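Shown next, in structure tokens, is the structure this report addresses.
The values are calculated or read from the model by the stated rules, or taken from the named source; none is laboratory data. Nothing here was measured: the structure is a model prediction, and the numbers come from that model. Cβ atoms come from the backbone with ideal geometry, glycine included; neighbour counts cover every protein chain shown. Heavy atoms of the whole protein, side chains included, go into the accessibility calculation; ligands, DNA and RNA do not. Shrake-Rupley method; radii C 1.70, N 1.55, O 1.52, S 1.80 Å.
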Amino acid sequence: MRDIIKIALAQINSKQDKQVNLQKYEELTLKAKNQGADLIIFPEMSLTGYIIKDQIYELAEYVPGVSVEKIEKIAKKTGVNIIFGLPEMSSNAKATLYNTAVFVSPEGYMGKYHKMYLPTHSVFEEKRYFRPGYQPFVLDTNIGKIGLTICYDIYFPEVFRLARLSGAQLIVCISASPAVRKNYFETLIAARAIENTAYVAFVNFSGIQESLQFWGGSCVVGPSGDVLAKAKYDEEDFICCEIDFQDLRAAETFIPILRDLRPEFFSKLKRLSENI
């Protein structure tokens, strides 16, 4: 495992066409390779587009499956690790779907994360389609220990805390956040990084899908809350950023949040939350 890695944020606006999106994946992963990136991150549901309504049952795939195999070839050809999102079909129940983030390395498929918190309010109807996940995801890779989260998860600090306590140095949040949520997300991204003394990489959609405007603003935030890289608002963008895992020790020393955790409060939080 290396101390310094370079990550690429691919802020795109996907079409309701997997082949078009896969072509964009390949083009941008080649671009990431040419800029020396070790990892490229695409948004939530970027394989299919976010607003696909009942088409989701036709577009959902097994993981690993056909599209994952295609992305494995891209990763192998470029030597770049790839994170992306898609609707996943359960291998046990054909109409049960998950909102899934997938990690593919140059050696092949490495693992997946199921979104834990499914927004079902205002313009969102994820509980109509998806089953929630139940487990945090942290993967020990050749470029560090990486946790995966998805969009609305960022409102729930326990998801990020679980990833950090499971060893994550970099917590990735892939997203399909509309413009009306911009201020919330920009505050929460920094909070999740600071309270866990971890790097957070946030990659959002941009542009318009079915009259819903996505604000972009993909970014990398350091363990002290510094914004290390920031993509444009509202339009497609591609940026790269180096992170140094050695900086985690300095951040933990300056404000020792993990040292000062009080686990006895967690059981009380559980009891209280069961009675809201």
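A few remarks follow.
- Taking all pairs of distinct alpha-carbon atoms in segment 205-276, Kirkwood radius in angstrom: 15.9
- Considering all different alpha carbon pairs of segment 47-181, the Kirkwood hydrodynamic radius works out to 15.4 Å.
- Distance histogram in 10 Å bins (all Cα pairs of segment 23-71, percent per bin): 21, 47, 26, 6
- Formal net charge of residues neighbouring Gln11 (Cβ-Cβ distance under 11 Å; K, R +1; D, E -1): -2
- Once divided by 2.2 N^0.38 Å, the Cα radius of gyration of segment 105-172 becomes 1.21.
- Two-site FRET efficiency, Lys76 against Glu236, from Cβ-Cβ distance with R₀ of 22 Å, rounded to 0.05: 0.30
- Above-threshold pairs, the threshold being 20 Å between Cα atoms, out of Lys31/Lys70; Lys115/Lys230; Lys112/Lys182; Lys127/Lys270; Lys18/Lys73; Lys33/Lys70: Lys115/Lys230; Lys112/Lys182; Lys127/Lys270
- Most mobile listed residue (Ala93, Ala37, Ala190) in the chain, GNM with C-alpha springs under 10 Å: Ala93
- Compactness index (Cα Rg / 2.2 N^0.38 Å), segment 147-276: 1.13
- Percent carbon-and-sulfur accessible area, the chain, ignoring ligands, DNA and RNA, probe 1.4 Å: 52
- Segment 35-102 - Rg over Rh from alpha carbon coordinates, Kirkwood radius: 1.01
- For segment 1-118, the Cα gyration tensor yields ellipsoid semi-axes of 24, 15, 13 Å (square root of five times each eigenvalue, largest first, whole Å).
- Each Lys or Arg adds one and each Asp or Glu takes one away; over the other residues whose Cβ falls under 10 Å from the Cβ of Arg161, this sums to 0.
- With a cut-off of 11 Å between beta carbons, the residues surrounding Gly108 carry a summed charge of -1, where Lys and Arg count +1 and Asp and Glu -1.
- For q = 0.09, 0.11 Å⁻¹, Debye-computed log10 I/I(0) when each Cα of the chain counts as one equal scatterer: -0.38, -0.57
- Annotation note: chymotrypsin sites (Phe, Trp or Tyr not before Pro) in segment 1-74 located in DSSP loop regions with a Cβ neighbour count of at most 15 within 10 Å are Tyr62.
- The residues of the chain expose on average 46 square angstrom of accessible surface per residue, using a 1.4 Å probe on protein heavy atoms.
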